[in-house]
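J.: Handing you this structure, nothing more for now.
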Amino acid sequence: MKIGFIGLGIMGKPMAYNLLKAGHQLVVYDIVKDSMDKLAAAGAVSADSPKNVAESCMCIITMLPDSPQVQTVVLGEKGILKGAKAGSLLIDMSSIAPGASQEIASECEKAGVRMLDAPVSGGEPKAIDGSLSIMVGGNKALFESVKDDILLKMGASAVYCGEIGAGNTTKLANQIIVACNIAALAEALTLAKRAGVDPMQVYEAIKGGLAGSTVMNAKAPMMIKGEYKPGFRVELHIKDLANALETGRVLASPLPLTAIVMEMFQTLRDDGAGQDDHSALAKYYAKISGESIN
Ligand code: NAD
C-alpha cells in the first residue's frame, strides 16, 4: 500500500523504515530535510508539505511531538486536510491530549477523512525492532482494517481501547506509571548509595523480584552509568504529564503523584536537562541529596 508518513524523529524514522521493509511504498515529510533524505535513500519519496503527502496517499501516519504540531500538520494552511481525498485515513501515532485528538478527528470528519489515534509505548529500541505496543482509539472496524498490514508491521501488539481519544487516554496512563516508576527508582538507588550499598548490586539483587520491571531494566543501568542520552526526552515527558494533569482537571480525577513528579521534571528542565533522557531524574535526586548514584 502507498502510505504517507509525517514526522521522522527518534520514533518516526525507524517506524517508517519498518513499513518500507514490510513492502509498503512511502511518501514522507518532516520539517528537517536531512531526515527525509535518509528515508529517501531507503526508497521513500519525499514530499514538500503535509498537503502534498495527502494528495498522493489515501493512508497517512503522523508521528509528531504534541497536540499543536498535529493541529498544524492536519489543519494548517499546507496541512493534510488541504490535500486529502474523501475516504482517506489518518492514523495519528503521536502522544497528544485526548481532547485534541477528538477535536482534530471532528475536523477530519467534516472533510470526509477518518481518523484513529494510535500512540505507542516501547521507546526507540522497540521502534527499531518493530515491537512497539500500540493503543488505538476510533472506529473498531477501521482499526481491524489496518491492524495486520500496517500497525503490526511497527508493533508487537495493537489493542483497541475505545472511541477516538481512548488511545491517548491509555497512553497518559502509561506515562504516569513510567514517570512514577523512574522517580521511585532514582529515589531508591540514591538511598542505597547513601547507605554505602553499590547501586549495581541493588539492581542485580532485586530485578528478578516484585519490584523488577521493564522500566527498571531500561533505566537503572543508565542511572548507574550516569549516561542520559535519549531515549525519551525530559521535555516530552513534561508534555505528557501536562496533558495528564489537564485531563485529570477536566475529569476531576486526582493525580497527586503525577503532580509531584511533574515538579521534579520541571526543576530538571530548568537546570538545563530538558534534552536528556527521562532517567535523568537521578540528577534531580543528586541535586537535592548531594548523593550521585553513578
Ligand atoms: P522527535 O522530536 O524526535 O520527533 C518529532 C519529529 O517531528 C521531528 O523529526 C520533527 O522535525 C518533526 N516535526 C515537528 N513539527 C513538525 C511539523 N510541523 N511538520 C513536520 N514535521 C514536524 O520525537 P519522538 O521521540 O520521535 O516522539 C514523537 C512522538 O512519539 C511524541 O508524541 C512522543 O511523546 C511519542 N513517543 C516517543 C517515545 C520515545 O521514546 N522517544 C516513545 C513513545 C512515544
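The values are calculated or read from the model by the stated rules, or taken from the named source; none is laboratory data. Small disclaimer: the values here were computed from a predicted structure and weren't measured. Glycine also receives a Cβ, built like all others from the backbone with ideal geometry; neighbour counts cover every protein chain displayed.
J.: Select from the range 1-25 the residues that are within 15 Å of the ligand (Cβ to nearest atom), modelled with pLDDT of 95 or more and not in a helix (DSSP H, G or I) and list them in ascending order.
T.: Residues satisfying the conditions are G4, F5, I6, G7, L8, G9, M11.
Residue-by-condition table, conditions (1) in a helix (DSSP H, G or I); (2) surrounded by 15 or more Cβ atoms within 10 Å (Cβ to Cβ):
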{"residue": "R249", "(1), (2)": "yes, no"}
{"residue": "P254", "(1), (2)": "no, no"}
{"residue": "L257", "(1), (2)": "yes, no"}
{"residue": "F265", "(1), (2)": "yes, yes"}
{"residue": "A282", "(1), (2)": "yes, yes"}
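J.: Would you point out the residue of the range 198-238, among those that are crowded, with 19+ Cβ neighbours inside 10 Å and among the basic types (K, R), that is nearest to the chain's Cα centre (by Cα)?
T.: This residue is R233.
J.: In the list I134, I182, I177, I104, which residue meets the criterion of being under 19 Å from M223 (Cβ atoms), of a type in the set (V, I, T) and buried (at least 20 other Cβ atoms within 10 Å of the Cβ)?
T.: Of I134, I182, I177, I104, the one residue that is under 19 Å from M223 (Cβ atoms), of a type in the set (V, I, T) and buried (at least 20 other Cβ atoms within 10 Å of the Cβ) is I182.
J.: Now for a separate question. So, in the range 123-150, how many residues would count as being among the hydrophobic types (A, V, I, L, M, F, W, C) and closer than 26 Å to D277 by Cα?
T.: 6
Quick grid of which residues meet (1) in a helix (DSSP H, G or I); (2) at pLDDT below 95:
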site	(1), (2)
L116	no, no
E124	yes, yes
V136	no, no
S145	yes, no
D149	no, no
S157	no, no
L172	yes, no
I176	yes, no
L185	yes, no
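J.: Is there any pair linking a residue in the range 58-85 that is closer than 19 Å to G99 by Cβ and near the ligand (Cβ under 9 Å from one of its atoms) to one that is of a type in the set (D, E) and at pLDDT 95 or above, with Cβ under 6 Å and at least six apart or on different chains, and which?
T.: Correct list of pairs: T62/D92; V70/D92.
J.: Just name the residue that is farthest from the ligand (Cβ to nearest atom) out of those in the range 86-130 that are within 14 Å of the chain's Cα centre (by Cα) and polar (S, T, N, Q).
T.: S121
J.: How many residues are among the charged types (D, E, K, R) and either under 30 Å from I238 (Cα atoms) or touching a strand residue (DSSP E or B) at 6+ places or on another chain (Cβ under 6 Å) (or both) if we restrict to the range 53-89?
T.: Residues flagged as among the charged types (D, E, K, R) and either under 30 Å from I238 (Cα atoms) or touching a strand residue (DSSP E or B) at 6+ places or on another chain (Cβ under 6 Å) (or both) within the range 53-89 amount to 3.
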